[in-house]
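Peer 1: Provided herewith is a single structure, encoded as structure tokens, for subsequent inquiry.
The values are calculated or read from the model by the stated rules, or taken from the named source; none is laboratory data. Source: prediction; values computed, not measured. Note that we place each Cβ from the backbone using ideal geometry, even for glycine, and neighbour counts take in every protein chain shown. With ligands, DNA and RNA removed, areas are computed over all heavy atoms of the protein, side chains included. Shrake-Rupley method; radii C 1.70, N 1.55, O 1.52, S 1.80 Å.
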Amino acid sequence: MRALPRLHWWLGLLFGVTAMLGGQALAAESSPAGSERVQVRLLSDVEAVAPGVPFTLALEQRIIPGWHTYWKNPGDSGLPTEIAWQLPEGATAGEILWPYPHRFDVGPITNYGYSDQVVLLNEITPPASLQAGEVFPVKAAVRWLVCEEICIPEETEVSLLLPVGDPPAPAVDHPQLAEARADLPVASPWASAAELSGEDLTLVLAMPRGSLESVVEAAFFPDSWGQVLHSAPQSFDATSQGLRLALEAESGFDPKAAPLSGVLVVTERLPDGSDATRALDIKTEVGDAGAIAALGGGAGSGSASLLTMGGGGAGTISFLPALLFAFLGGIILNLMPCVFPVLSIKILSLTQKVGGERRTMRRHGYAYTLGVLASFAALAGLLLVLRAGGEALGWGFQFQSPTFTMLMALLFFALGLMLSGALTIGASLIGVGSGVAGKPGMSGSFFTGIVATLAATPCTAPFMGAAVGYAVSASGATAMAVFLALGFGLALPYLLLTLVPRALSWLPKPGPWMERLKQALAFPMYGAAVWLVWVLSQQSGSEGVLAALAAMLLLALGAWIFETTRGLKLGGRLVGTTAVVLLLLASVVALPRLLPPAATGPVVAAMEDDLVPSEPYSRERLAALRSEGRPVFVNFTAAWCITCLVNEEIAFNDEEVAAAFLAGDVAYLKGDWTNRDPLITEALAEHGRSGVPLYLLYPDNGGPPEILPQILTVAGLLQSLAAASDAKTTQQALASEPQ
């Protein structure tokens with residue numbers, strides 16, 4: 001028995017040498033064959049196959065200019081390309097995966113097909129009985145029709161020899177395969193509806209306004225003949241329901257016989273002026289007049305019509321629910337780690353006035369609320385102005401600027417110095433100190449509201465994601481109302497403490513403990529500054545960290561000079577104040593210029609050692625994974641998003657979750673929004689969101705994704721992963737049940 005592996009090795013070597021002598025070497029691509037009009041060859045995405053492990057074989061057609069081959073539905077005439085596989089016993093080949101086609105009009109005839117080049121993908125599953133050292137031979141008999149003004153049927157054979165390895169060799173990076181996967185149709189994330197009136201066939205896709213306004217071209221390609229009149233012109237426009245396509249039905253089309261199915265190809269204009277094309281699988285029942293009206297508002301609602309609440313359910317969001325969710329999200333923001341330390345400082349200041357004049361307490365509450373609302377109004381106004389200028393922005397967008405990140409780090413560091421007692425100037429501004437009852441205290445409450453708003457922007461609370469997503473694509477007045485509702489929710493807990501006398505009685509009596517607590521609260525501020533410097537390291541590398549640390553050093557030096565010169569005469573104080581001003585200018589103005597431009601590549605993937613391995617997100621990679629029939633988990637995150645980091649630490653670094661990803665063969669894609677990325681901004685908008693986190697779980701049956709809650713739990717994530725991995729099995733079981 002020991003001789004068998006050696007025998008396999010010698011047989012494999014003999015097979016390979018014989019193939020090389022015959023002109024066919026072991027390689028990841030075959031020699032080209034065909035005619036002067038079309039050259040074909042096979043491409044493999046692996047250098048060696050593994051027993052029982054599927055891999056992709058692609059048939060590449062290179063077509064001379066002016067000629068074309070055909071899609072699976074060739075249109076008014078023509079024949080699709082056929083591939084007859086000859087594989088070793090026990091191996092199987094899947095159906096052809098067709099990239100989206102193009103339209104060819106020749107007089108009154110309209111065809112669907114490909115020019116210049118096309119790559120047709122096939123999944124090949126070798127038998128599990130293969131052994132390392134053997135050779136896996138592949139042969140394909142290919143037939144196609146190639147046309148210009150005349151049509152010529154052609155055929156040829158191509159073959160490929162692949163070695164068998166265990167484990168398999170690394171994947172082969174054929175750019176043609178990547179382009180073909182990117183052109184494969186994917187399941188539409190939006191609902192669709194169709195109605196027939198006479199011969200007028202109307203198809204509507206409930207795209208959100210943010211995507212709808214950027215559409216520059218749209219075309220529908222039916223899967224089969226007999227539904228849509230191929231030669232009829234197609235037009236599209238934006239309606240309150242979404243993207244509307246005007247088609248013409250084929251004579252004799254019976255909408256009750258089968259649903260309308262095909263590929264909708266949509267081209268959108270990106271913010272940088274380039275175009276991006278996507279192909280969506282469409283399958284929808286065709287109704288009578290009124291069927292589209294039942295679809296609901298797609299573009300008109302300004303959202304992707306998907307909303308995830310605490311339990312992960314989905315529904316339709318409109319203006320009033322958006323206001324409610326914004327208000328609830330604002331209240332929950334107070335419990336987030338980015339806001340709670342700031343609010344604690346302000347509440348601490350109230351303990352000094354327990355039993356004091358109620359009018360003064362109410363004024364503090366009003367000033368704090370006004371600071372919060374003014375900040376949210378300014379933030380909403382800035383978003384609207386930038387949106388009008390063509391910018392695609394979302395919640396927390398300012399943290400995508402390294403300079404803003406550094407300035408926020410300096411602010412939190414300065415607040416920490418004040419609370420520690422190292423800097424007494426401005427203590428009243430954060431609501432602590434002897435001046436809390438006077439006018440400076442009112443300005444301190446207003447300033448605390450501003451700081452609380454700034455601290456809240458890297459956090460996303462439950463409910464608020466869909467509300468903010470609705471706001472950033474709505475009209476100016478509507479967006480402002482939603483942002484103010486969010487701000488009022490954030491300000492409400494503190495406001496109630498100042499308005500309700502009984503609530504004030506719950507606060508402890510003033511005493512020496514207050515000074516110790518005030519100093520202790522400095523450390524969350526220092527921690528926030530450290531975290532922001534870490535975010536800066538993800539954005540700008542070591543140069544950004546050096547700039548931030550140097551600025552903090554200058555701030556600390558300025559605080560020491562100011563405190564040292566406080567007791568001196570006017571001349572000494574003037575010298576000290578001048579020195580402090582110069583140091584502040586050096587730290588705030590000069591040092592941000594040391595920051596290099598923000599990196600454009602993903603940075604989150606390197607932030608932690610995940611138990612669940614991930615790949616960078618791209619539309620092309622998502623489409624490729626879905627075409628393989630795998631469930632896909634997409635995590636849109638950012639280094640400056642505290643909610644994202646907490647979720648990843650709690651939910652993703654769990655051994656049960658990692659085992660569930662592995663058992664369900666769930667692919668994990670991570671979309672990094674730390675630095676500006678218009679494609680991720682667009683992906684967020686498609687699902688009614690304007691900020692991170694956003695978690696999408698695509699099932700293995702090609703259905704629409706589940707939008708998971710913004711606060712993840714291990715139990716909830718395990719349940720969703722199990723459902724996504726079993727979706728295809730459940731669907732097949734339901735289909736097999738007797739009706």
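Peer 1: What number of residues in region 663-681 are touching a strand residue (DSSP E or B) at 6+ places or on another chain (Cβ under 7 Å) and either under 26 Å from residue 702 (Cβ atoms) or among the charged types (D, E, K, R) (or both)?
Peer 2: Step one: filter region 663-681 for residues touching a strand residue (DSSP E or B) at 6+ places or on another chain (Cβ under 7 Å), giving 666-673, 680.
After this cut, where a residue has to be either under 26 Å from residue 702 (Cβ atoms) or among the charged types (D, E, K, R) (or both) as well, the list is 666-672, 680.
Result for region 663-681: 8.
Peer 1: Filter region 705-739 down to the residues that are buried (at least 16 other Cβ atoms within 10 Å of the Cβ) and part of a loop (DSSP other than H, G, I, E, B), then identify the one that is modelled with the highest pLDDT.
Peer 2: So the residue we want is 708.
Peer 1: What's the total number of residues in region 191-210 that are under 20 Å from the mean Cα position of the chain (by Cα) and either open to solvent by 40 Å² or more (accessible area, probe 1.4 Å) or under 28 Å from residue 118 (Cα atoms) (or both)?
Peer 2: Residues flagged as under 20 Å from the mean Cα position of the chain (by Cα) and either open to solvent by 40 Å² or more (accessible area, probe 1.4 Å) or under 28 Å from residue 118 (Cα atoms) (or both) within region 191-210 amount to 3.
Peer 1: Another one. Please state which one of 251, 305 is out of contact with any helix residue (DSSP H, G or I) (no Cβ under 6 Å at 6 or more places or on another chain), part of a loop (DSSP other than H, G, I, E, B), at pLDDT below 90 and crowded, with 19+ Cβ neighbours inside 10 Å.
Peer 2: Answer to the selection: 305.
Peer 1: Every residue in region 257-280 that is among the hydrophobic types (A, V, I, L, M, F, W, C) and in a strand (DSSP E or B), please.
Peer 2: Hits for region 257-280 are 260, 263, 264, 265, 266, 276, 279, 280.
Peer 1: Out of curiosity, is residue 223 over 19 Å from residue 105 (Cβ atoms) and surrounded by 16 or more Cβ atoms within 10 Å (Cβ to Cβ)?
Peer 2: yes
Peer 1: When you look at residue 522, is it modelled with pLDDT under 75, open to solvent by less than 30 Å² (accessible area, probe 1.4 Å), under 26 Å from the mean Cα position of the chain (by Cα) and of a type in the set (Gly, Ala, Ser), yes or no?
Peer 2: No: the conditions fail for residue 522.
Peer 1: Where the second residue is open to solvent by less than 30 Å² (accessible area, probe 1.4 Å) and not polar (S, T, N, Q) and the first is on the phi > 0 side of the Ramachandran plot and lies in region 73-97, which pairs have Cβ atoms under 7 Å and are six or more apart or on separate chains?
Peer 2: Matching pairs, first to second residue: 75/112; 75/230; 78/70; 78/113; 78/145; 78/147; 90/127.
Peer 1: Follow-up. Take the conditions closer than 30 Å to residue 270 by Cβ, modelled with pLDDT of 55 or more and not charged (D, E, K, R) and apply them to residue 401. Does it pass?
Peer 2: Taking the combined requirement at face value, the residue satisfies it.
Peer 1: Got a sec? Which of 409, 388, 378, 367 is surrounded by fewer than 22 Cβ atoms within 10 Å (Cβ to Cβ), within 29 Å of residue 684 (Cβ to Cβ), modelled with pLDDT of 75 or more and of a type in the set (A, V, I, L, M, F, W, C)?
Peer 2: Details: 409 fails: surrounded by fewer than 22 Cβ atoms within 10 Å (Cβ to Cβ); 388 fails: modelled with pLDDT of 75 or more; 367 fails: within 29 Å of residue 684 (Cβ to Cβ).
Result of the check over 409, 388, 378, 367: 378.
Peer 1: Yes or no: region 681-692 includes at least one residue that is within 24 Å of residue 623 (Cβ to Cβ), under 10 Å from the mean Cα position of the chain (by Cα), aliphatic (A, V, I, L, M) and assigned to a loop (DSSP other than H, G, I, E, B).
Peer 2: So far as region 681-692 goes, yes, one or more of its residues are within 24 Å of residue 623 (Cβ to Cβ), under 10 Å from the mean Cα position of the chain (by Cα), aliphatic (A, V, I, L, M) and assigned to a loop (DSSP other than H, G, I, E, B).
Peer 1: Select from region 168-186 the residues that are modelled with pLDDT of 80 or more and crowded, with 18+ Cβ neighbours inside 10 Å and list them in ascending order.
Peer 2: 177, 180, 181, 182, 183, 184, 185, 186
Peer 1: Would you confirm whether any residue within region 137-147 is under 27 Å from the mean Cα position of the chain (by Cα) and either closer than 15 Å to residue 58 by Cβ or surrounded by 14 or more Cβ atoms within 10 Å (Cβ to Cβ) (or both)?
Peer 2: Looking for residues that are under 27 Å from the mean Cα position of the chain (by Cα) and either closer than 15 Å to residue 58 by Cβ or surrounded by 14 or more Cβ atoms within 10 Å (Cβ to Cβ) (or both), one finds none in region 137-147, hence no.
Peer 1: Would you be able to say whether some residue in region 261-273 is open to solvent by 50 Å² or more (accessible area, probe 1.4 Å), closer than 27 Å to residue 79 by Cβ and of a type in the set (S, T, N, Q)?
Peer 2: Scanning region 261-273 turns up no residue that is open to solvent by 50 Å² or more (accessible area, probe 1.4 Å), closer than 27 Å to residue 79 by Cβ and of a type in the set (S, T, N, Q).
Peer 1: Given the criteria within 22 Å of residue 37 (Cα to Cα), at pLDDT below 90 and open to solvent by less than 60 Å² (accessible area, probe 1.4 Å), does residue 165 qualify?
Peer 2: Details: within 22 Å of residue 37 (Cα to Cα): no; at pLDDT below 90: yes; open to solvent by less than 60 Å² (accessible area, probe 1.4 Å): yes.
For residue 165, the condition - within 22 Å of residue 37 (Cα to Cα), at pLDDT below 90 and open to solvent by less than 60 Å² (accessible area, probe 1.4 Å) - is not met.
Peer 1: Does region 106-136 hold any residues that are open to solvent by 40 Å² or more (accessible area, probe 1.4 Å) and under 18 Å from residue 224 (Cα atoms), and which are they?
Peer 2: 109
Peer 1: Moving to a separate point now. Give me the pairs, please: first residue somewhere in region 179-205 and under 26 Å from residue 627 (Cβ atoms) and among the β-branched types (Val, Ile, Thr), second residue anywhere and open to solvent by less than 10 Å² (accessible area, probe 1.4 Å) and not in a strand (DSSP E or B), beta-carbon distance under 8 Å, and either six or more positions apart or on two chains.
Peer 2: Qualifying pairs under 8 Å: 186/623; 204/242; 204/298.
Peer 1: Considering region 143-169 alone, what residues qualify as being touching a Gly at 6+ places or on another chain (Cβ under 8 Å), within 30 Å of residue 66 (Cα to Cα) and either β-branched (Val, Ile, Thr) or part of a loop (DSSP other than H, G, I, E, B) (or both)?
Peer 2: 148, 156
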